[in-house]
Amino acid sequence: MAASDPNGPVYYKEWYHFFYQYNPNDAVWGDIVWGHTVSRDMIHWLHLPLAMVPDQWYDINGVWTGSATILSDGQLIMLYTGATNESVQVQNLAYPADPTDPLLVNWIKYDKNPVLVPPPGILPRDFRDPTTAMLTSEGKWRISIGSKINKTGIALIYDTEDFKNFELKKGVLRGVKGTGMWECVDFYPVSTMDDVGLDTSAYGDGVKHVVKVSLDDDRNDYYAIGDYDEKATKFLPDDVKNDVGIGLRYDYGNFYASKTFFDPSKKRRILWGWITEYDSECVDRTKGWASLQGIPRTVTFDRKTRSNLIQWPVEEVNSLRMSSSEFKNLKAKPGSVVPLHVGTATQVDIVAEFEIDKLALEKAVPETTDYVCRSGGGASRRGALGPFGLIVLADSGLSEFTPLYFYVTKGISGKLHTTFCSDQSRSSLATDVNKKVLGSVVPVFNGEKLSLRVLVDHSIVESFAQGGRTCVTSRVYPTRAIYGDAKLFLFNNATDTTVTASIQVWQMNSAFIRPYQPETD
Amino acid sequence: MTNLKTITIFFFFLIAMTSLPSIIHCRTLNDDKLIESTCRRTPNYNVCIQSLKANPASSGADVNGLAQIMVKVMTSKANDAINLIHQLQRSGSSSQKTALSSCASKYNAILIGDIPQAAEALQKGDPKFAEDGSNDAANEATFCENEFNGKSPLTKQNNAMHDVSVVTAAIVRNLL
């Protein structure tokens, strides 16, 4: 079996609902249905029966991605893309068969579906993934659907009063040349004044908007922060050089088709993302499953940089922490690897801070080019002020290891430039896995220590640098650094500086996930 | 006077005879144009042209159709490899037993996973999964070849599988 895109995440009657694209028959994409799971606390999950399957002409070739909207009277509706019997992409309306059932087990499809078909000028296979609706000042519900015209990715806007009849607004919310098809568009407000999440319909002072897209062309999720003009139905990014699809990414590793929702119980916006496999399909068939969902993250506006979002694992993850080990002010000399004795390190939560010698920083010679993870040579290529950081999923002989590191350089102007990378190149002796070095620049202010949080879970490593300014998800498949043989190290491969690190490591319990039993649950 | 008329008529006749064949060929030329321009955008023009032209359905097919034909060619190459693997396994070469068995799993994955995923993705309209499936098939063939440390009895089949798969992936990229 295989899963992919998160669908329709929503908080309803005190339950968190998570639907997802699912192939019950094989460890590849195909035969797509909507899987469904629920939780009261983001930790204990119940697998429910499939919510929707392809059983109508308008979704017989796939019940694809969609989003939930909670109306002003508390009613819940779902809009989703169906691939018709002729493989045309249309939008369909569905709603709970029993709105009093908090588990929303059964769903009804509107009998006059589809409610939207590709408009003139849009090709039948470039019209999918409707967003959660936002209420306009005219009292209408507004959604966005991604598409493309030639190679220009665009987000179309529709207004509706009943989710059955829609008006296509003139123009597009935003379009960016050369980005290709915009899948899984997400469009939502963020507060610029505090760290609370905002209801999808929030608008006005102290609010900026985010347009996020999944690019079909390169399988990455991009976002831009900017201003949304409701009357003109236009989004203008704050930084046009980093427009939608050509600038910032939620995650510089494995992370796609992501979608947010507003959690009114804790006033936060939560992001779900699909983490695919980085190994070969043959192996996926052998193990019988493929794909994960990343740990859900809260999303907020970074009020310090004012130019990026901050993502952080939901606080409920902390409740899985068990025993911890703490290391204060460890000094790692240039070219050293320091074992951190924490016991088994296959399921851990790590929080670390690093400091470089002030003298080394002052003496550092400016570099003309910026360090780039992809081509930087990984953790073994030494520089004056990097690489240094942690090594996870390593065996004691270091035949397999995954370094997560910072690399600092000084620019011509004297300003420091920091990059964070996740190095998969030596992660496994297997030859059929992804061995790229992933990562990106991370903004660091004067006076800030370098900080890193990492969630390690067997074959997935989720790193959050500088409080979540730059995130990198890796999939690694060690053959030796597994279970009891997986170790953790601090390392410093810089030539000119000692690194001082303070680290706390928790053993992590597993989340509680089981099938729903109607008689006892 | 008559001579000039005869010459003129003959002259026009000559022109008509030389230009008529091109007019008749116009239709086929346009179909060939799509196949040629599509194949030029792949890493192996020859493999692409041979594979497509061998299937009569390729003339008149759009790019999605050409991609679907290539997926059928992938099936045939995968079957070629599997047949040879089974033959070799039956003939009992013990030094290559592990490698052959590993290759059998990989080609099984191609036939039962990658190819159906690619076919469904092209048919239903989410082509990126067809690119993923084709790329994985190319990788599986390479991994199989690597199992033999230079003494592979399957080089021809693995190369064919690899080349046809990367061509398929390249054609699919046009659909993204």
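The values are calculated or read from the model by the stated rules, or taken from the named source; none is laboratory data. Given the structure is predicted, the values throughout are model-derived calculations rather than measurements. Counting neighbours? That spans all protein chains shown, and the Cβs are built from the backbone with ideal geometry, glycine included. The protein model used for the area step is the full one, side chains on, heavy atoms only, and it has no ligands, DNA or RNA in it. Shrake-Rupley method; radii C 1.70, N 1.55, O 1.52, S 1.80 Å.
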Checklist entry - Can you spot a residue in region A:201-213 that is open to solvent by less than 40 Å² (accessible area, probe 1.4 Å), among the small types (Gly, Ala, Ser) and assigned to a strand (DSSP E or B)? => result no
Checklist entry - Are any of the residues in region A:52-63 crowded, with 21+ Cβ neighbours inside 10 Å and closer than 21 Å to residue A:200 by Cβ? => result no
Item to check | residue B:71, sole failed condition from (1) away from every other protein chain (no Cβ under 14 Å); (2) open to solvent by less than 20 Å² (accessible area, probe 1.4 Å) | outcome: (1)
Next on the checklist: Please count how many residues of region A:284-294 are touching an Asp or Glu at 6+ places or on another chain (Cβ under 7 Å) and at the interface with chain B (Cβ under 10 Å from one of its Cβ atoms).
Outcome noted: 2
Checklist entry - Taking region B:74-120 only, how many residues are under 18 Å from the mean Cα position of the chain (by Cα), crowded, with 21+ Cβ neighbours inside 10 Å and at the interface with chain A (Cβ under 7 Å from one of its Cβ atoms)? => result 3
Checklist entry - acidic (Asp, Glu) and either within 22 Å of residue A:303 (Cβ to Cβ) or open to solvent by 50 Å² or more (accessible area, probe 1.4 Å) (or both) - does that describe any residue in region A:225-236? => result yes
Checklist outcome for this item: Filtering region A:448-504 down to residues that are among the polar types (S, T, N, Q), in a strand (DSSP E or B) and crowded, with 21+ Cβ neighbours inside 10 Å yields A:463, A:470, A:473, A:474, A:492
Checklist entry - Within region A:320-339, can one find any residue that is of a type in the set (A, V, I, L, M), in a loop (DSSP other than H, G, I, E, B) and in contact (Cβ under 8 Å) with a residue 60 or more places away in the chain? => result no
Next on the checklist: Which condition from (1) closer than 18 Å to residue A:462 by Cα; (2) not in a strand (DSSP E or B) is the one that residue A:303 breaks?
Outcome noted: (1)
Checklist outcome for this item: Taking region A:72-94 and keeping residues within 14 Å of chain B (Cβ to nearest Cβ) and either open to solvent by 10 Å² or more (accessible area, probe 1.4 Å) or over 17 Å from residue A:55 (Cα atoms) (or both) leaves A:85, A:86, A:88
Checklist outcome for this item: Within region A:108-150, residues more than 20 Å from residue A:86 (Cα to Cα), of a type in the set (S, T, N, Q) and in contact (Cβ under 8 Å) with a residue 12 or more places away in the chain come out as A:131, A:132, A:136, A:137, A:144
Next on the checklist: Just checking, does region B:70-80 include any residue being free of Cβ contacts under 8 Å to residues at least 12 places away in the same chain, within 16 Å of residue B:161 (Cβ to Cβ) and of a type outside the set (Ser, Thr, Tyr)?
Outcome noted: no
Checklist entry - Condition test on residue A:444, is it touching a residue at least 24 places away in the same chain (Cβ under 8 Å), of a type in the set (Val, Ile, Thr) and surrounded by fewer than 22 Cβ atoms within 10 Å (Cβ to Cβ)? => result yes
Checklist outcome for this item: Quick count over region A:425-441, residues being among the hydroxyl-bearing types (Ser, Thr, Tyr), farther than 16 Å from residue A:380 by Cβ and more than 14 Å from chain B (Cβ to nearest Cβ), is 1
Checklist entry - Going through region A:1-47 one residue at a time, which ones are closer than 20 Å to residue A:133 by Cα and among the charged types (D, E, K, R)? => result A:5, A:13
Checklist entry - Given the conditions (1) within 18 Å of residue A:134 (Cα to Cα); (2) touching a residue at least 60 places away in the same chain (Cβ under 8 Å); (3) in contact with a Phe, Trp or Tyr (Cβ under 8 Å, 6 or more places away or on another chain), which single one is not true for residue A:226? => result (2)
Checklist outcome for this item: Considering residues that are within 17 Å of residue A:389 (Cβ to Cβ) and either open to solvent by 40 Å² or more (accessible area, probe 1.4 Å) or acidic (Asp, Glu) (or both), the number found within region A:362-373 is 1
Checklist outcome for this item: Every listed condition ((1) small (Gly, Ala, Ser); (2) surrounded by fewer than 19 Cβ atoms within 10 Å (Cβ to Cβ); (3) under 24 Å from the mean Cα position of the chain (by Cα)) holds for residue A:97 save (3)
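Given region A:119-172, what strands (runs of 3 or more DSSP E) lie entirely inside it while holding 1 or more residues that are surrounded by 14 or more Cβ atoms within 10 Å (Cβ to Cβ) and among the polar types (S, T, N, Q)?
Where strands (runs of 3 or more DSSP E) fall fully within region A:119-172 and carry at least 1 residues being surrounded by 14 or more Cβ atoms within 10 Å (Cβ to Cβ) and among the polar types (S, T, N, Q), they are A:141-149, A:152-160.
Conditions tested, residue by residue: (1) open to solvent by less than 50 Å² (accessible area, probe 1.4 Å); (2) more than 22 Å from residue A:475 (Cβ to Cβ).
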position: A:274; (1), (2): yes, no
position: A:283; (1), (2): no, no
position: A:291; (1), (2): yes, no
position: A:297; (1), (2): yes, no
position: A:300; (1), (2): yes, yes
position: A:305; (1), (2): yes, yes
position: A:308; (1), (2): yes, yes
position: A:314; (1), (2): yes, no
Next on the checklist: Is it the case, given these coordinates, that residue A:422 is over 21 Å from the mean Cα position of the chain (by Cα) and at negative phi?
Outcome noted: no
Checklist entry - What are the residues in region B:121-149 that are more than 16 Å from residue B:70 (Cα to Cα), more than 7 Å from chain A (Cβ to nearest Cβ) and not in a helix (DSSP H, G or I), if any? => result B:126, B:147, B:148, B:149
Next on the checklist: When you scan region A:317-332, do you find a residue that is at pLDDT 95 or above, β-branched (Val, Ile, Thr) and touching a helix residue (DSSP H, G or I) at 6+ places or on another chain (Cβ under 9 Å), even just one?
Outcome noted: no
Checklist outcome for this item: Filtering region B:137-153 down to residues that are over 17 Å from residue A:431 (Cβ atoms) and open to solvent by less than 70 Å² (accessible area, probe 1.4 Å) yields B:153
Next on the checklist: Regarding region A:232-251, can at least one residue be identified that is within 14 Å of another protein chain (Cβ to nearest Cβ) and on the phi < 0 side of the Ramachandran plot?
Outcome noted: no
